[in-house]
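Visitor: Sharing a structure with you now.
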Amino acid sequence: MFKVCKWIGRIFIIFFLIGIFNIVLLNIPGCSWGVLPAPRLPFPAQIFDVNGQLIGSIDEENREEVALEEVAPFFLEAIVAIEDSRFYEHNGIDFRAVIRALVTNFKKGRIVEGGSTITQQTAKNLYLTPERTWNRKIKELYYAMLLENQLTKQEILQLYINQIYFGHGAYGVQMAARTFFNKTANNLTAAESALLAGLTRSPRNYSPFLNPESARERRNVVLNRMVELGKLSAIEAEQIKKEPVQVVNQERPSPRAAYIIDEIREYIITNYPDGASMLNNDGLAIYTTIDLQMQEAAEKAFTNGLAHLDSELNGALVAIEPMTGHIKAMLGGRNYRQSKFNRAFQAKRQPGSAFKPFVYTAVIDWGYTPARMVQCEPVAYPQPDGTVYAPKDFSKSPYHYCGLTLKEALMVSDNVIAVRLNQEIGPSTTIKYAERMGIQSELGPYLSLALGTSEVTPLEMAAAFSPLASGGYYAEPTLILRITNRAGQVLEQAQTRPRAVLDARTAYIITDMLQGVLQPGGTAAHLAPLVGRPAAGKTGTTQERRDAWFVGYTPELVTAVYIGYDQPDRPVGVGGSVAGPIWANFTREALKTKPVRYFTRPPGIVMSEICAESGAKATFNCPRRLSAAFREGTEPLIDCSIHPTFENQTVPLPNPGLFP
């Protein structure tokens with residue numbers, strides 16, 4: 001094995017020397033023998049909304065350079081241990097690491113390990129573009145050798161720790177220390193140092209804000225590596241591992257659309273090689289689907305809606321254009337500086353009754369009608385584990401003890417009937433429809449699924465309600481429209497590909513039923529005057545009122561609002577009172593310049609008045625009447641027999657036995 005590695009090393013050196021000769025011979029632009037080029041000037045990425053208005057930029061304010069003497073020594077040892085353990089031994093290129101990477105990648109059949117040294121990474125960040133070509137790689141190796149020849153190891157390391165990206169906009173160890181721990185780099189503890197050192201491989205996956213458990217595991221990998229290299233004893237490492245991952249946040253006003261900028265930053269980092277360098281140096285112009293006017297309306301509605309509530313209460317809002325999937329506004333939390341966790345995209349919470357429309361969509365598509373009567377009464381379902389599941393209503397009385405039409409059952413958010421429907425079609429059918437409409441999280445095949453007991457994200461809920469607003473079409477949620485570099489070259493162009501996932505008639509019937517939620521008798525009737533235009537929606541409140549939801553829509557905008565504590569150990573309130581007003585106020589403001597639109601009724605749909613107490617065709621004597629949408633031919637044709645009109649009323653004849 002040693003001889004094989006030795007020969008591979010010799011072959012690599014030969015090819016490397018040929019490459020260096022090639023640089024001189026072919027005069028690759030930017031290369032002069034023995035001379036380092038001027039460092040690349042930063043051209044930070046700029047982010048624009050859908051109308052070309054500047055949202056913000058990713059710039060040098062996120063970097064603060066420090067000398068090595070101003071950094072905790074443990075961090076310097078940790079970053080070298082995990083990134084380039086032979087940094088002080090090689091001359092810029094670690095041939096041993098390159099050979100090891102080649103062997104590992106060959107065994108795995110794919111690239112799983114790289115061989116770049118700290119010096120190579122520094123050269124790449126200082127002098128090169130992120131393109132992946134042989135010429136660039138040769139330049140990187142060449143410049144690494146020049147750096148080693150012209151700078152000391154300490155100078156190279158100082159350049160490196162001030163350039164690397166740690167996530168959440170933090171470039172360099174000083175800004176990382178401030179961002180995650182609200183302290184300077186020289187005050188980092190051993191645990192904090194190891195955590196930061198582990199971030200550089202994948203800032204998003206190991207972010208202590210987003211994935212604290214992954215951050216802890218990665219921190220421990222760094223500590224184990226230091227033990228292997230003799231930089232730390234096993235006992236010391238185990239002691240450090242016992243420390244919890246604790247991050248704090250700076251109390252500064254949140255920048256405009258901070259969660260959006262952060263999401264775009266992480267997208268570029270994740271999806272482009274050397275994405276961090278591209279963001280800071282390549283003059284990217286990133287055009288988004290965001291509408292700044294709507295974004296400002298979202299921030300205003302969210303702030304006002306939570307102003308008089310507990311300061312620890314948090315949540316998210318995400319608004320989508322239903323036919324295109326374009327995200328028009330997004331808030332990942334109450335205050336970006338206090339918490340960078342993007343709840344709109346990443347917080348998985350139970351949606352409560354906001355999930356019920358998926359059950360109703362399935363049964364309507366199966367042929368049920370809004371006039372179908374289902375009893376709300378005590379019911380019990382034996383479970384495989386020997387327990388009995390007995391759903392109850394959320395209201396003061398656990399049961400209505402009567403039959404309800406499907407339209408009214410959804411309007412009043414009846415739990416018992418939702419579970420009965422889920423049982424009739426089977427939870428697997430409900431899951432199929434929810435997934436078809438846009439839910440991507442794993443759903444549990446239980447009867448309680450109808451009451452929203454499986455966790456989903458606000459983004460999923462907004463996307464999955466979109467087929468109801470668009471007449472049956474689903475489009476993948478999209479935040480970025482186009483990305484260009486400083487030369488105007490298009491790096492990425494979004495393609496809108498809506499696909500039909502529901503019968504248009506089913507979508508319209510469910511929309512009509514959900515419009516009832518905002519009408520008298522519905523759980524969100526008080527929101528209709530606030531929104532001020534035709535709309536549909538569904539409230540959602542989880543067990544013990546620990547999560548509050550409202551997912552509402554107009555023909556042009558679907559919005560999910562989630563409110564809850566990050567640690568769901570206290571009641572929040574009900575969805576219609578906590579989340580609903582935020583949705584209504586946002587929608588009114590976001591669409592104030594748009595003409596009022598009505599939901600388009602597709603061919604094959606008829607409207608009919610039904611009796612809420614019998615489900616039959618309403619008569620003048622029916623005390624409670626509902627207007628409902630039906631597939632043509634399924635509307636009730638027989639008059640209500642409970643409340644007949646005078647003409648149809650049967651008058652009983654006298655008993656002839658009582659008269660002569």
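The values are calculated or read from the model by the stated rules, or taken from the named source; none is laboratory data. Just so it is clear, the structure is predicted and the values come from calculations on it, not from any experiment. Positions of Cβ are generated from backbone atoms using ideal geometry, with glycine treated the same way; all protein chains shown enter the neighbour counts.
Visitor: For the stretch 341-358, check the following and say yes or no: at least one residue is part of a loop (DSSP other than H, G, I, E, B) and of a type in the set (Ser, Thr, Tyr).
Guide: no
Visitor: Something else about it: Which of the residues spanning the stretch 306-334 are of a type outside the set (Val, Ile, Thr) and buried (at least 24 other Cβ atoms within 10 Å of the Cβ)?
Guide: Listed by number, the residues that qualify are Gly315, Ala316, Leu317, Ala319, Pro322, Gly325, Lys328, Ala329, Met330, Leu331, Gly332.
Visitor: If I filter the stretch 418-476 down to residues being among the charged types (D, E, K, R) and out of contact with any Ser or Thr (no Cβ under 8 Å at 6 or more places or on another chain), which single residue comes out as surrounded by the most Cβ atoms within 10 Å (Cβ to Cβ)?
Guide: Among them, the one singled out is Arg420.
Visitor: Can you confirm whether Lys392 is modelled with pLDDT of 95 or more and either of a type in the set (D, E, K, R) or in contact with a His (Cβ under 7 Å, 6 or more places away or on another chain) (or both)?
Guide: No, not satisfied.
Visitor: May I ask you to list pairs of residues, at least six apart or on different chains, whose Cβ atoms are under 7 Å apart, with the first in the stretch 374-391 being part of a strand (DSSP E or B) and the second being of a type in the set (D, E, K, R) and modelled with pLDDT of 95 or more?
Guide: Note: pairs meeting the criteria are Val374/Arg420; Cys376/Asp414.
Visitor: Further question on the same structure: Inside the stretch 193-275, counting only helices (runs of 4 or more DSSP H) that do not spill past its ends, which hold 1 or more residues that are within 22 Å of Gln46 (Cα to Cα) and of a type outside the set (Asp, Glu)?
Guide: The qualifying helices (runs of 4 or more DSSP H) are 258-271.
Visitor: Of all residues in the stretch 611-633, which are polar (S, T, N, Q) and surrounded by 17 or more Cβ atoms within 10 Å (Cβ to Cβ)?
Guide: Scanning the stretch 611-633 gives Ser614, Thr619.
Visitor: Touching a helix residue (DSSP H, G or I) at 6+ places or on another chain (Cβ under 8 Å) and modelled with pLDDT under 85: is that true of Leu126 in this structure?
Guide: yes
Visitor: In the stretch 598-612, what residues are of a type outside the set (Ser, Thr, Tyr) and either under 42 Å from the mean Cα position of the chain (by Cα) or in the same structural domain as Gly472 (by TED's automatic domain parsing) (or both)?
Guide: The answer is Phe599, Arg601, Pro602, Pro603, Gly604, Ile605, Val606, Met607, Glu609, Ile610, Ala612.
Visitor: Go through the stretch 493-514 and count every residue that is over 27 Å from Pro571 (Cα atoms) and either of a type in the set (A, V, I, L, M) or loosely packed, with under 15 Cβ neighbours inside 10 Å (or both).
Guide: Residues in the stretch 493-514 being over 27 Å from Pro571 (Cα atoms) and either of a type in the set (A, V, I, L, M) or loosely packed, with under 15 Cβ neighbours inside 10 Å (or both): 14 in total.
Visitor: From the list Lys153, Lys183, which one is at pLDDT 85 or above, of a type in the set (D, E, K, R) and under 30 Å from the mean Cα position of the chain (by Cα)?
Guide: So the residue among Lys153, Lys183 that is at pLDDT 85 or above, of a type in the set (D, E, K, R) and under 30 Å from the mean Cα position of the chain (by Cα) is Lys183.
Visitor: Report yes if some residue within the stretch 396-407 is over 35 Å from the mean Cα position of the chain (by Cα) and on the phi > 0 side of the Ramachandran plot; otherwise report no.
Guide: Within the stretch 396-407, one or more residues are over 35 Å from the mean Cα position of the chain (by Cα) and on the phi > 0 side of the Ramachandran plot.
Visitor: Read through the list (1) within 23 Å of Val247 (Cβ to Cβ); (2) part of a helix (DSSP H, G or I); (3) basic (Lys, Arg), then give the number of the only condition that Lys300 fails.
Guide: (1)
Visitor: In this structure, does Val379 turn out to be touching a helix residue (DSSP H, G or I) at 6+ places or on another chain (Cβ under 8 Å) and either buried (at least 19 other Cβ atoms within 10 Å of the Cβ) or in the same structural domain as Val574 (by TED's automatic domain parsing) (or both)?
Guide: Yes; evaluated as a whole, the condition is true for this residue.
Visitor: Also: Return the pair list, or none, for Cβ contacts closer than 6 Å from residues in the stretch 270-291 that are over 18 Å from Ala494 (Cα atoms) and touching a residue at least 40 places away in the same chain (Cβ under 8 Å) to residues that are surrounded by fewer than 21 Cβ atoms within 10 Å (Cβ to Cβ) and of a type in the set (Val, Ile, Thr), at least 6 apart or on different chains.
Guide: So the pair list comes out as Gly275/Ile269; Ala276/Ile269.
Visitor: Would you pick out the residues in the stretch 276-290 that are in a helix (DSSP H, G or I) and either among the basic types (Lys, Arg) or at pLDDT 85 or above (or both)?
Guide: Correct list: Met278, Leu279.
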